[in-house]
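The values are calculated or read from the model by the stated rules, or taken from the named source; none is laboratory data. Nothing here was measured: the structure is a model prediction, and the numbers come from that model. With ideal geometry, Cβ positions are generated from the backbone for all residues, glycine too; neighbour counts draw on all protein chains shown.
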């Protein structure tokens with residue numbers, strides 16, 4: 001989410017959008033709950049159950065879960081997600097002022 005220097009919210013940035021004013025700040029906020037649940041399931045399946053990437057991709061496709069681009073999950077896409085620590089899929093950009101920011 002994008003916020004002004006004083007902490008006023010400006011809104012969630014869309015895919016590919018960037019801040020345009022140098023003093024604006026970008027912070028992370030949780031994304032949609034269904035996407036958060038899917039990413040948590042992916043992490044659990046990989047880390048706790050030891051499922052292979054191809055198995056996870058197959059199950060995601062069987063569930064009808066598309067990637068952020070609206071495509072089926074290939075093995076590589078799931079690997080890219082796990083390599084990014086799953087954060088992009090469960091966080092959106094926020095305008096919330098981080099705790100203690102006003103004290104800086």
Scanning segment 36-70 residue by residue, those under 30 Å from residue 4 (Cβ atoms) and surrounded by 13 or more Cβ atoms within 10 Å (Cβ to Cβ) turn out to be 36, 39
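The rows are residues; the columns are (1) touching a residue at least 40 places away in the same chain (Cβ under 8 Å); (2) surrounded by 12 or more Cβ atoms within 10 Å (Cβ to Cβ); (3) over 24 Å from residue 68 (Cα atoms).
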| position | (1), (2), (3) |
| --- | --- |
| 1 | yes, yes, no |
| 5 | no, yes, yes |
| 9 | yes, yes, yes |
| 14 | no, no, no |
| 18 | no, no, no |
| 26 | yes, yes, no |
| 31 | yes, yes, no |
| 34 | no, no, no |
Residue 102 meets each of (1) in a helix (DSSP H, G or I); (2) at pLDDT below 85; (3) within 18 Å of the chain's Cα centre (by Cα) with one exception, condition (3)
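Okay, residues lined up against (1) in contact with a strand residue (DSSP E or B) (Cβ under 6 Å, 6 or more places away or on another chain); (2) at pLDDT 80 or above; (3) outside any helix (DSSP H, G or I):
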position	(1), (2), (3)
37	no, yes, no
56	no, yes, no
88	no, no, no
93	yes, no, yes
96	yes, no, yes
